[in-house]
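Enquirer: One structure, pasted below without further comment.
What follows is calculated from the coordinates using simple rules that are stated; it is not laboratory data. For clarity, every value in this text was computed on a predicted model and none was experimentally measured. Don't worry about glycine lacking a Cβ; one is built from the backbone with ideal geometry, like all the others, and counts go over all protein chains shown.
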Amino acid sequence: MSRWIMMFGPVILACVSLLPALPADSSPVSATRIFDSSFNAIRPIVGVWEFTDTATGILAVRGDKWETAPEASAASMLDKMFKGLPESVLDEVRAYYYFPLALYPDSEFSEGTLTVDIQPISGKLDQAGGIAFGMQSPGEYWVLRLNSRENNVILFRYKKAKRLTRQIEHVSLQAGKWYGLSVRVVGTKMTAVLDGKDLFVYDLGEPVSGKVGVWSKADSVTNFRDFRVESLNNAPVPKPAK
């Protein structure tokens, strides 16, 4: 039976535990873990989200079922997640409510690689899905997304709740096909990766850190699966959770 997550549904307080770590190394390493392969810990912020297959952990955004966006409820949830926001947050949320978003409440990512499998299904306006990262507030974050209607991968920056296009790569994409989309960040440099192939490198201008999640647009019906995080740090390398 399908599990539904509607707009501003309840939080699922389940996290993936890690197995014991291997011995530490003094040099920087990649600490790999399956952050939430079944999306058990994600929290929907904007839009209608649904679990279409609990066995494989496929999460879908249903832009075809979204009719209204309760800005006040969104602001209340974001206020709790970010521990206090100014009154202007209502204007910010109202400005970007057309962009479905689901976040991990306790995530904090700065350097490393974020990867998720994305399957655009349908949408008359858009067939989009992407990775949100570096979110310090509702109006300040980055998104790398693919869109099978436009046949491109774009890096956006949200600054003061305005969506700014930073780089575009034109690629051939098909609705119904799965794609592995990755954001790789080292210092201020971000590399966009599609199915293991580097598409472009962009200088973010400054180090980023903040919450991460998945993102969509307009009437997109898009599936997501297997969200993975690989953090660059000096900690020992843990074995991936099973």
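Enquirer: Taking only C-alpha pairs under 8 Å that are 6+ residues apart, what is the relative contact order of the stretch 128-242 in percent?
Expert: On the way: 205 pairs, mean separation 29.3, N = 115.
Value for the stretch 128-242: 26 percent.
Enquirer: Taking the Cα centre of the stretch 125-223 as the origin and placing charges on Cβ (Lys, Arg +1; Asp, Glu -1), which of GLY130, LEU155, TYR141 is farthest toward the positive end of the dipole?
Expert: Checking the options against the dipole of the stretch 125-223, the answer is TYR141.
Enquirer: How do 102-115, 205-218, 163-176, 186-199 rank on mean C-beta neighbours within 10 Å, highest first? Let's see the in-between values first.
Expert: On the way: 102-115: 18.6, 205-218: 20.4, 163-176: 13.2, 186-199: 15.1.
Highest mean packing first, the order is 205-218, 102-115, 186-199, 163-176.
Enquirer: What full-extension length gain, to one decimal in nm, is calculated for LEU204 and GLU108 as 0.36 nm per residue of separation minus the Cα-Cα distance? Mind showing how you got there, number by number?
Expert: Numbers: separation 96, 0.36 × 96 = 34.56 nm, distance 1.74 nm.
The span from LEU204 to GLU108 would gain 32.8 nm if fully extended.
Enquirer: To continue, here is another question. For the cross-link pairs LYS162/LYS211; LYS162/LYS189; LYS160/LYS189; LYS65/LYS159; LYS124/LYS162; LYS159/LYS217, which exceed 20 Å when the distance is taken from alpha carbon to alpha carbon? Write down the numbers at each step before the final one.
Expert: Details: LYS162/LYS211 18 Å; LYS162/LYS189 22 Å; LYS160/LYS189 22 Å; LYS65/LYS159 28 Å; LYS124/LYS162 23 Å; LYS159/LYS217 17 Å.
Check vs 20 Å cut-off fails for LYS162/LYS189; LYS160/LYS189; LYS65/LYS159; LYS124/LYS162.
Enquirer: Can you tell me the dipole magnitude for the stretch 153-206 around its Cα centre, using point charges on the Cβ only (Lys, Arg +1; Asp, Glu -1), in Debye to the nearest 20?
Expert: Numbers: 10 positive and 5 negative charges, 69 e Å.
Around 340 debye, computed over the stretch 153-206.
Enquirer: What residues have an amide H closer than 5 Å to that of LEU204, excluding those fewer than 5 places away on the same chain, when H is modeled at 1.01 Å from N in the peptide plane?
Expert: Answer set, sorted by chain and number: LYS189, MET190.
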